[in-house]
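In what follows, a structure is listed as structure tokens, so that the remarks can point back to it.
The values are calculated or read from the model by the stated rules, or taken from the named source; none is laboratory data. It should be emphasised that the depicted structure is a prediction, and the values quoted were computed from it without experimental measurement. Please note: Cβ atoms are built from the backbone with ideal geometry, for glycine as well, and neighbour counts cover all protein chains shown. Heavy atoms of the whole protein, side chains included, go into the accessibility calculation; ligands, DNA and RNA do not. Shrake-Rupley method; radii C 1.70, N 1.55, O 1.52, S 1.80 Å.
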Amino acid sequence: MRLEKGQISGAQLFFLVNSFILGALLPVNFAYPISKHDTWLAVIAAMIIGSVIALVYLSLAGLFPGENLVQIHDLIYGPYLGKFISLQYILFFLMTLSGYLWFISDFVLTYIMPETPISFIMIMFTFVCAWAVRQGIEVITRMSVVFSVIPASVVLITFALLLKDMKFTNLLPLFESPLGDLIQSTHIISHISFSQVLVFLMVIPYVDKQSPTKTPILLGLLSGGLVILVGTFRNIATLGPLCGIVTSPSLESVRLINIGKILTRLEILVAMAQILLLFIISCVFYYATVLGLAQISKLRTYVPLVVPIGVLSITLSLLSYESRMQVSYSIMYITPIVSLYFYIVLPFMSLIVAKLRKLPKNKGRN
């Protein structure tokens, strides 16, 4: 049974993926303390690796057209083992959503509303996400068209305004960071951005049949990665060694813009753009969680699950994390290792099993 009645075009899918990848511009901050001025190299490496991994996801989608991740697992592994694997993914999506809820709430608390309880910010943000998810994938995608253009424009404009303050010698010497640190930084960036494209296997079946899916996803991934690279260049060239020390290099670098004492304090634009992007990311993981759970539960619609999953994600977020240091440690050292199982091991294994079983055997039914 088709739980989602809406359809999106290939162009809308491009903007959705683009805004999804752009949302990693702020979380890239976790890589600066490790790879320092070589972080831009880690961004390039993560973008290349992410593109290769995305091709695996697209190969799975191509083998089973019209089927989402939950249905693909059922076809490859059977109804029981397939649902067990899908439940693991749903739990992983839910935990990822709770992590983003904490991250955005802490960001707003730190830079915009320091006197507001973090639980109140989290509830308000989840309420808006729940409204968007109830409206369906079409509404989320339409919002992403605007939400991807604004942050990209902010990055490019601030880059141009900071040119006079940049010292490109801050990017040198190349490969000064130890290889292990560069690999770890690449893994972190890939984990919080490019590898998460896997969640779009829950969205691809609702793309218009006449529209391609491979090209929009790859173009969205690459264009978003290039904007992240520009932002990383801007931060390192402007701040230099301070990138590995300050809490948010993006905000601190843009804060230096001062043209005639009139055009200043532009970091609020970066903050607002980041909130829009994190909203899109949270909505996509929220949508994938409720849609997958509704399919496993054989419900006619996922709408009744939206509020309970929202409450559960807030509860998990508040119980799982107590401070920013705990979140930072988790993102840098724990979740990248756990994500290997979901983003690399299982997709590669599913593709190999599907090839060995010569699936799909009856393409007409798929």
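Looking at this structure, is Ile104 β-branched (Val, Ile, Thr), in contact with a Phe, Trp or Tyr (Cβ under 8 Å, 6 or more places away or on another chain) and assigned to a helix (DSSP H, G or I)? Yes; evaluated as a whole, the condition is true for this residue. Please go through the range 142-180 and give me each residue that is under 20 Å from Thr39 (Cβ atoms), within 27 Å of the chain's Cα centre (by Cα) and assigned to a helix (DSSP H, G or I), ordered by number. Within the range 142-180, Pro151, Ala152, Val154, Val155, Leu156, Thr158, Phe159, Leu171, Leu179, Gly180 meet the criteria. The one condition from (1) touching a helix residue (DSSP H, G or I) at 6+ places or on another chain (Cβ under 7 Å); (2) within 30 Å of Glu267 (Cβ to Cβ); (3) modelled with pLDDT under 95; (4) not charged (D, E, K, R) that Thr126 does not meet is (3).
In the range 219-246, how many residues are among the small types (Gly, Ala, Ser) and surrounded by fewer than 22 Cβ atoms within 10 Å (Cβ to Cβ)? Going through the range 219-246 one residue at a time, the tally reaches 3. Residues of the range 152-174 that are of a type outside the set (D, E, K, R), in contact (Cβ under 8 Å) with a residue 12 or more places away in the chain and open to solvent by 60 Å² or more (accessible area, probe 1.4 Å): Leu156, Phe168, Leu172, Leu174.
Remark: Pro65 falls outside the filter, which requires a residue to be at pLDDT below 90 and not β-branched (Val, Ile, Thr). When the criteria are applied in full, Leu299 fails the requirement of being assigned to a helix (DSSP H, G or I) and either open to solvent by 40 Å² or more (accessible area, probe 1.4 Å) or at pLDDT 85 or above (or both). Checking every residue in the range 90-109 against the condition of being surrounded by fewer than 21 Cβ atoms within 10 Å (Cβ to Cβ), farther than 21 Å from Tyr333 by Cβ and either in contact with a Lys or Arg (Cβ under 9 Å, 6 or more places away or on another chain) or not hydrophobic (A, V, I, L, M, F, W, C) (or both) gives zero matches.
Summed over the range 19-73, the residues that are of a type in the set (S, T, N, Q), assigned to a helix (DSSP H, G or I) and more than 26 Å from Leu239 (Cα to Cα) give a count of 3. One residue stands out in the range 314-352 among those that are open to solvent by 40 Å² or more (accessible area, probe 1.4 Å) and more than 20 Å from Leu94 (Cα to Cα): the one that is farthest from the chain's Cα centre (by Cα), namely Ile352. If only residues of the range 54-97 that are touching a His at 6+ places or on another chain (Cβ under 6 Å) and not β-branched (Val, Ile, Thr) are counted, the one that is nearest to Lys214 (Cα to Cα) is Ser86. His37 fulfils the conditions (1) under 24 Å from Ser282 (Cα atoms); (2) open to solvent by less than 50 Å² (accessible area, probe 1.4 Å) except for a single criterion, (1).
If the condition is being crowded, with 18+ Cβ neighbours inside 10 Å and farther than 20 Å from Val207 by Cα, then the range 124-151 contributes Phe125, Thr126, Cys129, Ala130, Pro151. Looking at the structure I just gave you, is Pro216 in a helix (DSSP H, G or I), in contact with an Asp or Glu (Cβ under 8 Å, 6 or more places away or on another chain) and buried (at least 18 other Cβ atoms within 10 Å of the Cβ)? Answer is no for this residue.
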